[in-house]
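A.B. asks: To start, I am sharing the structure in question, which I have written as structure tokens.
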């Protein structure tokens, strides 16, 4: 009887409990630490918000380069509702302001740097930000909030996936036991490596 009473009183409260996941990566370029990437996932009931923030500073020859990036995605259970992406750099990389909002099944309103681009006919089911929390087994493409487009992804070896962005930049995501452990990105100035902190 006591157990039943406890269940009836506290079960509704538990369904609204918030679950948080935070993953931090150290970012290196030419063997030197240049910043961090922080990925967070907050779940309250069916509402899921994923957020990715990076802040890096490096020097290439005599130029100092500072890049800030933020990407987020909001879901209701597994249904993608909206996402935004922002990138600011002092030089060498174009600034980006992008957003995607679900308006109906397989219909999204997207905007990138002031240009609206309709995205119709496909459901957004897995975003680039999801790569930080789940291995993309069996997928051939994922949605990029930064590019407001689907981008190709393929498994190149067990647990290692190649993602190719529309601008030609390639990134390799490596997983161990289903957890993302490392990201390697080929940039115009060299390879940037992000390694998960333990």
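A.B. asks: Assuming R0 = 41 Å, what is the FRET efficiency of residue 105 and residue 32, from their Cβ-Cβ distance, to the nearest 0.05?
C.D. replies: Numbers: r = 47 Å, r/R0 = 1.15.
The value I calculate is 0.30.
A.B. asks: From Cα pairs below 8 angstrom and at least 6 apart in sequence, can you work out the relative contact order of the chain, rounded to a whole percent?
C.D. replies: 14 percent
A.B. asks: Could you compute the FRET efficiency for residue 156 and residue 133, with r as their C-beta to C-beta distance and R0 at 22 Å, rounded to 0.05?
C.D. replies: Values: r = 21 Å, r/R0 = 0.93.
So the FRET efficiency works out to roughly 0.60.
A.B. asks: Over 22 Å, how big is the tail of the calculated P(r) for segment 70-167, in percent of all Cα pairs? Before the final figure, lay out each step's value.
C.D. replies: Working: 1397 of 4753 pairs.
It works out to 29 percent of all Cα pairs.
A.B. asks: While we're on this one: Could you tell me how many degrees, from 0 to 90 and to the nearest 10, lie between the Cα long axis of helix 2-15 and the main elongation axis, the longest principal axis, of the Cα atoms of the chain?
C.D. replies: 30 degrees
A.B. asks: Sticking with this one: What share of Cα pairs, in percent, lie more than 15 angstrom apart in segment 26-108?
C.D. replies: Values: 2217 of 3403 pairs.
Percent of Cα pairs beyond 15 Å in segment 26-108: 65.
A.B. asks: Among [x] 16.2, 47; [y] 18.9, 74; [z] 16.1, 51, only one was calculated for this model; which label is it, if the read-out is Rg and Dmax of the Cα atoms in Å?
C.D. replies: Step by step, Rg and Dmax of the Cα atoms in Å for this structure corresponds to label [y].
A.B. asks: Here's a follow-up. Starting from the Cα gyration tensor of segment 120-198, take the square roots of the eigenvalues, sort them a ≥ b ≥ c, and report rounded, prolate or oblate (rounded when a/c is under 1.5, otherwise prolate if a/b is larger than b/c, else oblate). List each step's numbers first, then the result.
C.D. replies: On the way: a/c = 1.82, a/b = 1.20, b/c = 1.52.
The shape class here is oblate.
A.B. asks: Please work out the FRET efficiency for the pair residue 140 and residue 64, using the Cβ-Cβ distance as r and a Förster radius of 35 Å; give the result to the nearest 0.05.
C.D. replies: The pair residue 140/residue 64 has a calculated efficiency of 0.35.
A.B. asks: Give me the one-decimal nm value for the distance between modelled label points at residue 46 and residue 21, 7 Å along each residue's Cα-to-Cβ direction.
C.D. replies: Computed distance between label sites residue 46 and residue 21 equals 2.0 nm.
A.B. asks: Would you calculate a helix-derived [θ] at 222 nm for the chain, using -39,500 (n - 2.57) for each DSSP H run of n ≥ 4 and dividing by the full residue count, to the nearest 500?
C.D. replies: Details: 1 runs with 14 residues, N = 198.
For the chain, the value works out to -2500 deg cm²/dmol.
FYI, it's all coordinate maths here, none of it is from the lab. All values reported here derive from a predicted model rather than from experimental measurement. Positions of Cβ are generated from backbone atoms using ideal geometry, with glycine treated the same way; all protein chains shown enter the neighbour counts.
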